[in-house]
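One structure is given here, and the rest of the page talks about it.
The values are calculated or read from the model by the stated rules, or taken from the named source; none is laboratory data. Keep in mind that what you see is a predicted model, and the values were worked out from it rather than measured. Ideal geometry is used to build each Cβ from the backbone, glycine not excepted, and the neighbour counts take in all protein chains shown. When the accessible area is computed, the model is the full protein with side chains, heavy atoms only, and any ligands, DNA or RNA have been set aside. Shrake-Rupley method; radii C 1.70, N 1.55, O 1.52, S 1.80 Å.
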Amino acid sequence: MEFKQNQVLQEFDRISNLINEFYHEIALKQGLSDSAYEILQAILVLGEGCTQTEIYKYCYLNKQTVNSSVNKLRENDLIDFTKGTGREIYIHFTKTGKELVNEKILPIEQAENDVFEEMTKEEQKEIIRLMNKYLDNFKAKVSNIINE
């Protein structure tokens, strides 16, 4: 089998993997699992009172991962639940959770936000435009392959 990958795509894949690995290192250094970090970060961004559904849609983690991680975070007294209407449950930080997020997650998220803010508005729009274009086109091509 002969395959020659586009050199720019190789670099794109490498950078994407480096970003994922960097987030993994951050979570480890902060004493958190990847999913715990992502969920606490999601609650920080989405705001307290968000639901598990909002979290898994924001993080693109599967429902089971979010559910088990949320339950573990609750067992560790980092989050708590309040009952909403029907089956909805709203997630809130506990005092311990707020302290952890303020100490270990907020500074990282602020640094990432600062890096993005240092880009011009045009650069910000362009990076999003190109990533969306790549993802949309990749999904379409793969859809054609797996649906043939």
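Things to note:
- Only one entry in 57, 95, 83 is open to solvent by 90 Å² or more (accessible area, probe 1.4 Å), among the basic types (Lys, Arg) and closer than 16 Å to residue 35 by Cβ, namely 57.
- Residue match in the stretch 35-48 (condition: in a strand (DSSP E or B) and either small (Gly, Ala, Ser) or open to solvent by less than 60 Å² (accessible area, probe 1.4 Å) (or both)): no
- Taken over the stretch 27-41, the criterion of being out of contact with any strand residue (DSSP E or B) (no Cβ under 9 Å at 6 or more places or on another chain) and either without any contact (Cβ under 8 Å) to a residue 12 or more places away in the chain or within 21 Å of residue 62 (Cα to Cα) (or both) is satisfied by 27, 28, 29, 32, 33, 34, 35, 36, 37, 38, 41.
- Matching residues, the stretch 98-136, being without any contact (Cβ under 8 Å) to a residue 12 or more places away in the chain, open to solvent by less than 60 Å² (accessible area, probe 1.4 Å) and of a type in the set (A, V, I, L, M, F, W, C): 111, 119
- Residue count for the stretch 18-34, restricted to those that are open to solvent by less than 80 Å² (accessible area, probe 1.4 Å) and among the charged types (D, E, K, R): 2
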